[in-house]
Amino acid sequence: MDTGIALAELPAVDVRFPRRRTASLISVVDAIAEAPRLQPYSDEVIAFCASFAHELARRARGMPELQALAFWMRKAELLRMRDEFCALGTANVVLVPRGVVFHLPPANVDTIFVYSWLLSVLAGNINVVRLSSRETEQTELILDVLTEVAARTEHAGLASNTVMLRYRHDGQATAALSEMADVRVIWGGDETVAEIRRFSIPPHAFDLSFPDRSSLTVINAQHYNCLDDDAREFLAERFFNDAYWFDQLGCSSPRLVCWVGSEECAQRAARVFFELLSSVVSRKSYKVDTATAINKLTYAYRAVLDQQVAEVRWLDNEVVVLPLERFEAVSGEFCGAGTFYQVRCERLAELASHVGRRDQTLCHEGYSADELHELTIALNGRGIDRIVPVGDALTFNRFWDGNDLLQAFTRRVFIAARSDLGRYREKASDRGGEGR
Amino acid sequence: MITDDLLRRPQYSLEQPEKEALLVAELMRLTEHHRRNSTQYDRLLRAVPPGEITRLNQVPFLPVGLFKSHRLISIPERDVFKTLTSSGTTGQQVSRIVLDRDTAARQTQALAAIMTHVLGPTRLPMIIVDTPSVVKDRKTFSARGAGVLGMLTYGRNHFYALDEEMQLDRVGLQAFLKKYCDDTILLFGFTFMVWKYFFQQIRESGLDLSRGVLVHSGGWKGLADEAVDNREFRRAFAAATGLTRVHNFYGMVEQVGSVSIEGDDGYLHTPNFAEVIIRDPVTWQEAPTGSVGVIQVVSVLPTSYPGHSILTEDLGAVRGIGTPSGGWGGKQLEVVGRIPKAELRGCSDTHAAEA
């Protein structure tokens, strides 16, 4: 009787992959419990991902974020990843899947759920992806392509190994899926992480969480001033990609531009840099709507009152620069959409004392590998997980937020093949040999 | 003093050039006043220097959202008389507007000047299209309560037409109308209450409200599903009840007293002591007559807080200039509605609300 009521109350969920249907939560839970694990980086899974990437590249014309995704998971890249993965194993260590991975991707970066799912499915795991209820052209295209490719007979294994679904306002579904998880992947900021952590996971399981982060760009001002027009133009375009692809609201989108050099050098560089950026923005037809413009204006005025911002440089609705009087941690909500704090440092090393745990990506221009290593060693883990050139802020790879995602979705089984008895016998036979 | 002069002279009686000249002079003075008396305001103007002010559209403005995050104040704490807060659903931040006695008194005087223009000098029997409980707890200044409370002064023998379940007190209403059958009657309520709960319950009843003056406010945002705009609202009331004297008004807690009220031409008109400027949302320059843009409101009333020039989050257009000789001078404003919500992406803002 009790069970009957409990079952009746279990909510329906909208399954989106492997095919679109409304299902009871219980049937989804059952399907996951019976889903097969795959061998890590099997030919089957690589073939599936490569077909998906190929088809996505063809269908996502004019969507640069999806093109980047498709390029990142093209066949050659998948094979390179397999080599890297195989290199992690040794004669004594075999990498095996963790089991069930429950992904909670962010609502608004349309491609993260694919990156998260891909690294896990390649490692052979069973995957449950809770999609955001916000349907965008990008996510729907990705899901359509995934569904079509999975429907091909040769990919049947994949269709039973992953469930992507949507459900609303429902603790029950999150609780049930969390209970099955061997790994839970929580994207989307402090609040989401705290909210999801209210639901327990099995004792052996762990959370891979991606909380709120912020990112910055560091440019050697003197170096910048010596660049020719072409190079500056190129940098402005690369920086545009970093900052504007996700309306500057991605964890890796730079919010702060730090100029390293003298006051005069930095001012000159900043003026040219943001003017060039403004013209790139208009050339790329990136426009903010009126609500966003007012939001930015309000944000800028708040920053004047709350932060060390003494000036609002409103180039246009799309590019707003907020110079900081001195380096300080800029905290709180962020409005994005082309709002840049700006600060100056005398030397790169000065940066180290201002970086905190929240800082994720540092984009650089005008520094050598040695200088960047020196900075990392000076930081000694206090902050910064990625140091990449301007233009690569959003380029996803296996190393994210300090984790190696290639390994995170696997367990290591240690094997020692030689037994004591074997060793004893070897020794004995050695001794026998001596005696002869 | 210019402000007193603007308040005393008959409302809507000024020719536009004279009105703007008086306002510019007074708003310049107020800008200086707030700079001297509010360190926050001074810091803001240093960050965004306004340049020389010779025209109304050069008066610097603050975005209305700033009053939600910051308590902006231009008087010593000991002079704070009361603090107004805006309405807001749970979790939303509300504006906090600090008043001293002078500013509060000026707001009252201003509203009286506007209402006298519409209602005449005597108090009228008044129907409040709301429930009595909306004003019961005077300590919680909800915007609806404050709005009703502010209007009560302009009527007498108050009758609340709705009960707690938003049901019409039909018997009471009929008795009220019978009792004051020779009087002009004031009706006041929030636009969505008037339409959704009052009009829908009386439209078939053949009630005669032709002696009524309806004053309503609050905007059309709760009425998107009802397909009603100002024109339809007026038409429906006239057809069903004979009520033709309808005055919508547009105002906000950040500038209490400086409301724009609907004139005989169907447009909103600003009083002598306030003005609206429509701004192009890309260039932020003043938009030409007829184009829709973001509404900026200026008023000479606020001295206790730097709210004399505010960029709202509403869209509107100036359709022309009214005729002072006809009783409705000032710009003819049409409020189009709230600016549509922003659609942004990003990692933050995710499932927390829906888990």
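No value in this document is a laboratory result; all are computed from the given coordinates. Values in this document were obtained by computation on a predicted structure and should not be read as measured data. Glycine gets a Cβ as well: all are built from the backbone with ideal geometry, and neighbour counts include every protein chain shown.
Summary of values
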quantity: Alpha-carbon centroid distance for the pair the range B:266-284 / the range A:95-123, whole angstrom; calculated: 52
quantity: Set of aspartates and glutamates near residue A:284 by C-alpha distance (under 12 Å), chain-local residues within fewer than 8 positions excluded; calculated: A:237, A:318
quantity: Set of lysines with alpha-carbon distance to residue B:196 below 23 Å, sequence-local pairs under 8 removed; calculated: B:136, B:221
quantity: Phi-based couplings in Hz for the range A:19-35 (Karplus 6.51, -1.76, 1.60; Gly and Pro marked x); calculated: 8, 6, 6, 8, 9, 6, 4, 4, 5, 5, 4, 4, 4, 5, 4, 9, 5
quantity: Relative packing of A:291-302, B:159-170, A:311-322, which averages over residues the other C-beta atoms within 10 Å, highest first; calculated: A:291-302, A:311-322, B:159-170
quantity: Alpha-carbon gyration tensor eigenvalues x 5, square-rooted, for the range A:214-400, Å; calculated: 23, 19, 17
quantity: Distance from the range A:348-363 to the range B:307-337 (C-alpha centre basis), Å; calculated: 50
quantity: Using θ = phi - 60° and Karplus 6.51 cos²θ - 1.76 cosθ + 1.60, couplings along the range B:41-54 (whole Hz; Gly, Pro as x); calculated: 5, 4, 4, 4, 6, 5, 6, 10, x, x, x, 6, 10, 10
quantity: Test item: B:64-74 mean partner chain Cβ contacts at 10 Å; calculated: 3
quantity: Trypsin sites (Lys or Arg not before Pro) within the range A:320-410, DSSP loop, no more than 15 other Cβ atoms inside 10 Å; calculated: A:326, A:347, A:357, A:382, A:398
quantity: Distance (nanometres) between label positions extended 7 Å along Cα→Cβ at residue B:133 and residue B:1; calculated: 4.2
quantity: Summed side-chain charge close to residue A:382 - residues other than residue A:382 whose Cβ falls under 11 Å, Lys, Arg +1, Asp, Glu -1; calculated: +1
quantity: ³J(HN,Hα) computed for each position of the range B:58-73 - Karplus, 6.51 cos²θ - 1.76 cosθ + 1.60, integer Hz, glycine/proline x; calculated: 9, 5, x, 10, 10, x, 4, x, 5, 6, 7, 9, 10, 8, 8, 8
quantity: Neighbour net charge for residue A:343 - beta-carbon separation under 15 angstrom, K R +1, D E -1; calculated: -2
quantity: Compactness relative to 2.2 N^0.38 Å, alpha carbon Rg of chain A; calculated: 1.14
quantity: Proximal lysines to residue B:331, defined as alpha-carbon separation beneath 21 angstrom and excluding residues fewer than eight positions away on the same chain; calculated: B:19
quantity: Other protein chain Cβ atoms within 10 Å, averaged over every residue that makes up A:24-33; calculated: 0
